[in-house]
1. Would you please name the trypsin sites (Lys or Arg not before Pro) within the stretch 188-294 that are DSSP coil residues with at most 14 other C-beta atoms within 10 Å of their C-beta?
2. Determine, for Val399, Val455, Val142, Val85, the number of other Cβ atoms within 10 Å of each Cβ, and report the residues in order from fewest to most.
3. What order, most packed first, do the peptides 443-450, 144-151, 52-59 have when packing is the mean number of other Cβ atoms within 10 Å of each residue?
4. If one computes the Cα centroid of the stretch 298-335 and of the stretch 355-398, what distance in Å separates the two points?
5. Lys380 to Glu477: extension gain in nm, 0.36 nm per residue of separation minus the Cα-Cα distance?
6. Compute the signed sum of charges (Lys and Arg +1, Asp and Glu -1) over the other residues within less than 14 Å, Cβ to Cβ, of Asp250.
7. Where does helix 158-167 land angle-wise versus the long Cα axis of the chain, in degrees 0 to 90, nearest 10?
8. I'd like the orientation of helix 219-234 relative to the chain: the angle between its Cα long axis and the longest Cα principal axis, in ° from 0 to 90, rounded to 10.
Amino acid sequence: MSLASSLPVINLSKCWQTDHGTLVFQASIFQPTTGEKTKGYLILDAAAKTNNLLFSTAKPTAELKSTGAAAIIRKYCSSCRLINVALSAHDREKSFLRLRLMSTPPSHDTFLVVSAKPSAEIDFILNGVSLCRLQPKGTFTVKKTASRDVLEADDFDEPTIGLWLKSLLSPDEQANLARQPQSVEVLSASRRQARDRIARRLKTLRKTLEQDLSKLPSTSSIKDAKKDAELLSSNLWRLKTSSEELIIEDTESGESKKILKLNPSKTPGENLELFYTRIKKLERASKLQSDRVAGIKRDIQSFEEALTRIRDSSVSMTDMEVNQLLSDLLLIKPKLTVTPTRAVKTSKNTLGRRFSAPEGAILILGRDAKESDQIVKAAKSSDWWVHIAGGGRGSHVLVTGLPSKSSLDPNIMRSAGILALHFSDRSKAREGDVYCTRRQFIRKTKGLPPGLWLVDKSETFLIRYEQEELADIFSKEIRDGIQRHRQQSP
């Protein structure tokens with residue numbers, strides 16, 4: 001017997017499991033008679049002596065995982081509806097509660113069975129076959145034919161189903177729902193989509209922050225590196241050629257015994273230089289990572305404020321305001337028109353690809369090593385040159401069209417750096433260090449292959465970018481003297 005239209009409807013979506021034999025579904029109960037919808041969690045507990053099944057508006061505090069049985073259920077039943085319930089007698093040899101689910105689309109005969117006897121477990125049955133069993137001691141995924149007693153159990157009649165559905169709520173939950181007015185979704189469709197989009201991005205930012213904090217060099221590691229360099233410097237006279245290590249006794253170090261690893265192919269002075277180079281790298285990584293962490297924290301704050309605003313149904317927002325909020329958070333691309341801008345005086349035979357930038361600047365990109373050499377050689381000494389740092393293959397990017405004594409705007413430098421990284425062997429990572437200096441500080445000596453230049457003086461910048469930033473730069477490409485697109489004015 002199917003659930004009648006006058007009875008509450010239980011919809012299930014995401015599924016998780018715990019380490020002690022519990023399945024948790026994201027669920028909602030819809031009351032057709034009143035139109036009220038209660039969101040919460042359906043909890044199936046194999047180890048519970050009573051109330052193996054419970055609906056709660058509060059998320060369980062236990063650690064929830066989407067592996068094991070939960071992963072298999074998600075694969076075959078990502079969204080479903082509870083349509084039948086059957087319960088065996090507790091005094092029988094096999095005691096169980098059987099839930100029949102209708103998946104979307106309804107392509108399988110699907111059951112969830114919570115058994116108390118002969119053992120405590122939760123079975124996921126698909127077309128008569130148990131694909132997995134969740135027990136308090138673990139998950140078992142060996143397929144076996146489902147018990148005939150389970151498959152042939154009689155469903156509840158309609159009045160019993162109604163009483164059973166009502167019993168899912170604990171007394172505390174029923175009291176809470178009676179005291180609190182039922183929440184009704186009053187947000188528009190576009191606003192709900194924006195809310196979900198912001199929430200997903202916020203979750204990603206929080207995970208990124210956690211990862212970046214773990215990569216941040218600690219103050220103690222930098223302090224230890226400096227201490228090791230000082231010890232090596234004061235004991236440099238003891239080193240011999242091809243030494244692999246230097247042992248510092250506790251009486252000399254003032255602490256515990258230290259063993260400093262050395263490169264046997266380097267001289268003592270070169271080994272000392274390696275130690276100081278490591279300190280510089282740690283300090284630089286600490287600064288860069290600290291700046292990145294601070295930026296992520298600012299982004300998290302902006303997204304949290306936006307999420308609070310868009311969730312507040314008392315604040316009215318038009319679709320245009322919602323789109324503007326997403327645009328401010330860089331979650332949507334600005335709309336582009338195909339109206340060409342005024343012609344830029346360039347020859348069709350001009351070298352390289354060209355992109356317009358603020359303040360009348362032009363970014364020139366070499367398509368290959370030979371063309372990059374031609375572009376750099378033809379540049380003015382005051383033009384700016386950008387290239388990936390630390391070795392590797394990549395295009396040279398020239399920034400021209402600016403006054404000779406003017407500094408380089410950070411936004412223009414960032415655009416040039418993004419182009420240099422994209423047209424290099426680091427394009428997949430969408431991040432990396434880039435050199436930025438004036439043309440006068442790079443040189444080419446006789447015998448250097450095409451594309452290879454010596455850098456006498458330069459600053460290095462770490463750049464991480466999103467695909468939207470790259471698309472925005474490409475929209476400003478100049479072809480045949482015409483910029484391809486321009487941004488629509490706000």
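Since every read-out is calculated from the coordinates, none of them should be taken as a lab result. Since this is a predicted model, take the numbers as computed values, not measurements. Heads up, the Cβs are rebuilt from the backbone with ideal geometry, glycines too, and the neighbour counts pull from every protein chain shown.
1. Loop-located and lightly packed - Lys240, Lys257.
2. Numbers: Val399 24, Val455 14, Val142 8, Val85 20.
So the ranking, lowest neighbour count to highest, is Val142, Val455, Val85, Val399.
3. Details: 443-450: 9.6, 144-151: 14.1, 52-59: 16.4.
For the peptides 443-450, 144-151, 52-59, the packing ranking is 52-59, 144-151, 443-450.
4. Using only Cα atoms, the two centres lie 37 Å from each other.
5. Working: separation 97, 0.36 × 97 = 34.92 nm, distance 2.17 nm.
Using 0.36 nm per residue and subtracting the Cα-Cα distance, I get 32.7 nm.
6. So the environment of Asp250 carries a net charge of 0.
7. Orientation of helix 158-167: about 50 degrees from the principal axis.
8. Its long axis makes an angle of about 40 degrees.
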